[in-house]
Amino acid sequence: MKTFPLFILGLLTSAYVQAASINLDNIDLNKARAYQAYVMTFEWPKNASSENVEYQDLFSLEGLNRFGSSSNSAAPNGIPNPFAKFQRTLNSRTHVLSNNSWTLIFPDTGASISESFQSSEQENGYATFTGQVTFTLNRYLESNLRYQHYLFGQPAQAPQQIEQTQPTQPTQIYASDNVPQAYQETYPLQQGTWDGPTQVLSLHFHNKTASQKLNYVDHPIIGTLIYFEPLDLEQAIDLATRR
């Protein structure tokens, strides 16, 4: 493992806000808690670690989605973001994959909120990185993270045909409450075509932290920064109702 880089202690820039999908009318003000959550992922340079990490070959496009264009939007005005000034430093030393922020309203202890995200970088319409996170409010703020980091090129073996009878036109799907609108289309694999990712690195992390503490989740390929800023419940509800 690498030594925790000092420059990481300053990051987390603005990103887009996606409020939790809960019924605001049923919130118990004595039990509910609200936070602004920040999650940034980045890829370390290949020479940053001597550890050997193996990607797995993909032999089917089944379950993979083509994405529309997406971008990170600013976090809400008035919410502290003391790490923005370090963005240039991090960008110069790593390759930022995703930078997201969500307004979370937990109705009670034990409640969970799930979000999905992706890199803006794509190849042939496929994101090079996708992620899912489930936030849970217990004694600590818990983050259950699952990542897929894709490589594109010639697979070790020929990919398998899904179904030759499937239509060539993309199948439209609808985004759920916890899935960004960028998830728009799925394309079946056709004979003689293979324009999607050929290898994948799947990662799973579980992190516990208190609010207002920067957490770094280490990995030789993908690094993660997690930070929670407490919000006044009234302010958080106002942000959620603006959607």
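Is there any pair linking a residue in the stretch 99-115 that is in contact (Cβ under 8 Å) with a residue 24 or more places away in the chain to one that is among the hydroxyl-bearing types (Ser, Thr, Tyr), with Cβ under 6 Å and at least six apart or on different chains, and which?
Final answer for the pair search is Asn99/Thr13; Ser101/Tyr38; Leu104/Tyr35; Ser112/Thr134; Ser112/Thr136; Ser114/Thr134.
Suppose we keep only residues that are in a loop (DSSP other than H, G, I, E, B) and modelled with pLDDT of 90 or more within the stretch 54-74. Which one would you say is surrounded by the fewest Cβ atoms within 10 Å (Cβ to Cβ)?
Glu54
Report whether or not Gln181 is within 29 Å of Tyr38 (Cα to Cα), under 21 Å from the mean Cα position of the chain (by Cα) and modelled with pLDDT of 90 or more. Write out each step before concluding.
On the way: within 29 Å of Tyr38 (Cα to Cα): yes; under 21 Å from the mean Cα position of the chain (by Cα): yes; modelled with pLDDT of 90 or more: no.
For Gln181, the condition - within 29 Å of Tyr38 (Cα to Cα), under 21 Å from the mean Cα position of the chain (by Cα) and modelled with pLDDT of 90 or more - is not met.
Can you name the number of the only condition in (1) modelled with pLDDT of 95 or more; (2) within 21 Å of the chain's Cα centre (by Cα) that Asn138 fails?
All conditions pass for Asn138, except number (2).
Does the stretch 138-145 contain at least one residue that is within 25 Å of Glu234 (Cβ to Cβ) and basic (Lys, Arg)?
Within the stretch 138-145 (the criterion being within 25 Å of Glu234 (Cβ to Cβ) and basic (Lys, Arg)), the answer is yes, since at least one residue qualifies.
Spot the failing condition for Asn215; the list is (1) more than 15 Å from the chain's Cα centre (by Cα); (2) modelled with pLDDT under 90, and only one is missed.
Evaluating Asn215 over (1) more than 15 Å from the chain's Cα centre (by Cα); (2) modelled with pLDDT under 90 leaves (2) as the failure.
For the stretch 217-236, which residues satisfy the criterion of being over 13 Å from His204 (Cα atoms), in contact (Cβ under 8 Å) with a residue 60 or more places away in the chain and out of contact with any Asp or Glu (no Cβ under 7 Å at 6 or more places or on another chain)?
Answer for the stretch 217-236, where residues must be over 13 Å from His204 (Cα atoms), in contact (Cβ under 8 Å) with a residue 60 or more places away in the chain and out of contact with any Asp or Glu (no Cβ under 7 Å at 6 or more places or on another chain): Leu225, Ile226, Tyr227, Phe228, Glu229, Pro230, Leu231, Asp232, Leu233, Gln235, Ala236.
Filter the stretch 75-117 down to the residues that are over 19 Å from Leu141 (Cβ atoms), surrounded by 13 or more Cβ atoms within 10 Å (Cβ to Cβ) and either over 14 Å from the mean Cα position of the chain (by Cα) or modelled with pLDDT under 75 (or both) and list them by number.
Ala84, Phe86, Gln87, Thr89, Leu90, Asn91, Arg93, Thr94, His95
Just wondering, is there one or more residues in the stretch 195-210 that are at pLDDT below 90 and either under 29 Å from Gly110 (Cβ atoms) or of a type outside the set (A, V, I, L, M) (or both)? Quick ask: steps written out before the conclusion?
Of all residues in the stretch 195-210, those at pLDDT below 90 come to 195-196.
Next cut, either under 29 Å from Gly110 (Cβ atoms) or of a type outside the set (A, V, I, L, M) (or both) only: 195-196.
Yes, there is a match, as at least one residue in the stretch 195-210 is at pLDDT below 90 and either under 29 Å from Gly110 (Cβ atoms) or of a type outside the set (A, V, I, L, M) (or both).
Which one of these is crowded, with 19+ Cβ neighbours inside 10 Å, of a type in the set (S, T, N, Q) and either at pLDDT 95 or above or not in a strand (DSSP E or B) (or both): Ser120, Ser143?
Working: Ser120 fails: crowded, with 19+ Cβ neighbours inside 10 Å.
Of the residues listed, the single one that is crowded, with 19+ Cβ neighbours inside 10 Å, of a type in the set (S, T, N, Q) and either at pLDDT 95 or above or not in a strand (DSSP E or B) (or both) is Ser143.
Looking at the stretch 1-53 only, could you name the residues that are under 21 Å from Gln87 (Cβ atoms), polar (S, T, N, Q) and modelled with pLDDT of 85 or more?
Gln36, Thr41 - these are the residues of the stretch 1-53 that are under 21 Å from Gln87 (Cβ atoms), polar (S, T, N, Q) and modelled with pLDDT of 85 or more.
Which one of the conditions (1) at pLDDT 90 or above; (2) of a type outside the set (D, E, K, R); (3) closer than 29 Å to Lys46 by Cα; (4) assigned to a loop (DSSP other than H, G, I, E, B) does Gln154 fail to meet, given that it meets all the rest?
In the conditions (1) at pLDDT 90 or above; (2) of a type outside the set (D, E, K, R); (3) closer than 29 Å to Lys46 by Cα; (4) assigned to a loop (DSSP other than H, G, I, E, B), Gln154 misses (1) alone.
The values are calculated or read from the model by the stated rules, or taken from the named source; none is laboratory data. Bear in mind the structure is a predicted one, so any value in this text is a computation, not a measurement. Cβ coordinates were reconstructed from backbone atoms using ideal geometry, including for glycine residues, and neighbour counts include every protein chain displayed.
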